[in-house]
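Read the figures in this text as sums done on the coordinates, not as results from a lab. In this text, all values refer to a predicted model and were calculated from it rather than measured experimentally. Counting neighbours? That spans all protein chains shown, and the Cβs are built from the backbone with ideal geometry, glycine included.
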Amino acid sequence: MHELGPISSSGANARDPALSVDHLSKRFGDRVAVDDVTFTVGRGEVFGFLGPNGAGKTTTVRTLASLITPTSGSATIAGIPLTPENGVEIRRRIAVMPEAPGLYLRLSVVENLECFTDLYGVPDPSERVGQALEAVSLADRARDTCGSLSKGLRQRVALARALLSDPEVLFLDEPTVGLDPVATREVHALIVGLRERGVTIFLTTHRLEEAERLCDRVAILNTSLRSIGRPNELRAQLFSKALTVRTGAPIPEPGRVFAGLGGVTDWNADGPSSYILTVTDPAVAAPAVARALVAMGADLVTIAETQHSLEDVYLELVEEDPEASRR
Amino acid sequence: MTMSRRRIWAIVRKEIREYRRNRSILVAMAILPAIFIIEPLVAVLGLTAAASSTLRHEHVLLYLLGIPTLVPPVLAATAVAGERQQGTLEPVLTTPIRREEFLIGKALAAFVPSVAVAYLVFALFLALVALFAAPGIASGLVQGSDLLAQVLFTPLLVTWSIWVGIAVSTRSSDVRVAQQLGIVASLPAVFVTALIALNVVPPTLGLGAGAAVVLILLDGVGWQITSRLFDRERLIANPG
């Protein structure tokens, strides 16, 4: 994919956060969709927004896009306070790529994009449409009707449409759903390129490896905000540090070997010859464990710090939430 | 509040392109006027020359005002329900477009083809009568006041029917249902024009002027009601 150049500089204060959300809530009748959510997203940050189905992710995005009015709380989007009067100004500075591409299937790719250049008031629309299509590697399909495109290609057209206005904040809702691995990698490269250009990206995704790979920080939402931070910080908050030890054969009395070793606070068997040790500091505990095992004549196969994925963090947070089990 | 012509025009151009490629809309736009002219055409072409003096006291042409009343809901019904059905409403509404720009764009897009179809069918009817009716029938049928009424009332009726169609469309998630409800909601206007065409209500200059004023007022009220019915949040948050 190719780089997409900016239309113009926004003139916004670079020190202000791109998004600032303060105690935002949204109710639909008796149902609470989003409850007391507070977070900020810095300019140029790729911010992951994770949560199970019905967690309020889309409602949050629609609220920040000024499509629906919050029940309480406040927000600032690209420096503009979220009020009904500011809706047009906010929407001028953002772009949203919804999960469903939402294309006019009887119109060609270029006709779809031309319509949106006019809606955004983009100067030199033909050139911009060409750049957006180049950016998603679709220039050769410009004259095809959208109805004739595969789901993955429609997704790319929707992404091109979101890029037309050179938004300050780009909301991407599941941008790689339906894309093959090559196209997914291209979209990831595009997101990285946009971040390097200073575009703030609010990424809603179910692909946790995608969030881990792309996002500077992630928020986990389940009606209310469950956690927020860098993936590493969340791991550290949720999981104690641990070592995974594998030996060539089962250790006769593992409790006697591991108990009392420097830095080791607990241990569990994780198979016939595999052990998980809870440690205070892996750098201190690992050499001590290695020495103890060698001293007793055990064959040490591997010893490594246990890595928890973002998926572990997500499942830990969502599964412990009683709201999640009711959905 | 300043409205952007470019955004309005973007909606108009997109809509016209979609109409041209939507077979069901094209068929409906052809069938409805055909239904309206076939019956009077057969009746008029079957008249003998002796009937020409009787025709001078009737207003058969006003019957054709049913076309500008019934064609617009077919187009206007797609305005919101069509966008919701194909999932395109949310992307459009996340652009800087204002509600008023969106609705005016939709209304203009339906207005132009509706008025064009109404005038074309009317002209076709007159041409067929002039070519194939018995001598004297055409001159008996075509009266200056009826022609003037056709020219003046067509855009007023189209505008009213468009607001009815869009209003129904904002409350419906299915285009076909919206089209049918829009046509049903426009029937009272057809009924009134039929009463006048059939001389049940004798057409007079005063009646014409009064009807024009009422229609202008109704067009304004239609815009206000449709604008209030267009609730961005409800349309987005309740996709069904």
Counting only helical runs of four or more DSSP H residues, what would the 222 nm mean residue ellipticity of the protein assembly as shown come to if each run contributes -39,500 (n - 2.57) and the total is spread over all its residues? -16500 deg cm²/dmol
Globularity index of segment B:67-134, i.e. its alpha-carbon radius of gyration over 2.2 N^0.38 Å: 1.57
Explain nothing, just the number: relative contact order of segment A:135-209, from Cα pairs under 8 Å at least 6 residues apart, as a whole percent. 35 percent
Rounded to the nearest 0.05, what FRET efficiency is calculated for B:Ala130 and A:Ser150 with R0 set to 60 Å and r the Cβ-Cβ distance? 0.65
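Just the number, please: percent antiparallel of the DSSP beta bridges in the protein assembly as shown, rounded to the nearest 5. Walk me through the intermediate numbers first.
Values: 35 of 52 bridges.
The antiparallel fraction comes to roughly 65 percent.
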Segment A:240-307 - Debye-derived log10 I(q)/I(0), Cα point model, q = 0.13, 0.28 Å⁻¹: -0.27, -1.48
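Can you classify the protein assembly as shown as rounded, prolate or oblate using the Cα gyration tensor, where a ≥ b ≥ c are the square roots of its eigenvalues, rounded means a/c under 1.5, and otherwise it's prolate if a/b beats b/c and oblate if not? Don't skip to the end; give the middle numbers.
Working: a/c = 3.22, a/b = 3.13, b/c = 1.03.
Prolate, since a/c reaches 1.5 and a/b exceeds b/c.
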For chain B, the longest principal axis of the Cα atoms and the Cα long axis of helix B:66-76 enclose an angle in degrees, to the nearest 10, of 20 degrees
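To the nearest 20 debye, what is the magnitude of the charge dipole of the protein assembly as shown about its Cα centre, counting +1 on the Cβ of each Lys and Arg and -1 on the Cβ of each Asp and Glu?
On the way: 52 positive and 56 negative charges, 289 e Å.
Computed charge dipole of the protein assembly as shown: roughly 1380 debye.
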Which distance in Å, rounded to a whole number, links the C-alpha centroids of segment B:75-104 and segment A:69-147? 14 Å
Between 0 and 90 degrees, rounded to the nearest ten: what's the tilt of helix B:23-45 against the longest Cα principal axis of chain B? 10 degrees
What is the local net charge at B:Val12, summed over the other residues whose Cβ is closer than 12 Å to its Cβ (Lys, Arg +1; Asp, Glu -1)? +3
Once the dipole of segment B:21-153 is set up from charges on Cβ (+1 Lys and Arg, -1 Asp and Glu), the residue from the list B:Gly140, B:Met29, B:Val42 lying farthest towards its positive end is B:Met29
With R₀ set to 56 angstrom, the calculated FRET efficiency between the beta-carbons of B:Leu205 and A:Glu134, to the nearest 0.05, is 0.30
Give the calculated FRET efficiency between A:Ser240 and A:Val192 to the nearest 0.05, with a Förster radius of 35 Å applied to their Cβ-Cβ distance. 0.60
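Please give me the summed charge of the neighbours of B:Ala197: other residues whose Cβ is under 10 Å from its Cβ, Lys and Arg +1, Asp and Glu -1.
Numbers: positive: none; negative: B:Glu58, B:Asp146.
Here the count lands on -2.
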Three-way shape call for chain A based on the alpha-carbon gyration tensor, with the a/c threshold at 1.5: prolate
So if I place +1 on the C-beta of Lys and Arg and -1 on the C-beta of Asp and Glu, and nothing else carries charge, what would the dipole magnitude of segment B:5-237 be about its Cα centre? I want it in debye, nearest 20. 820 debye
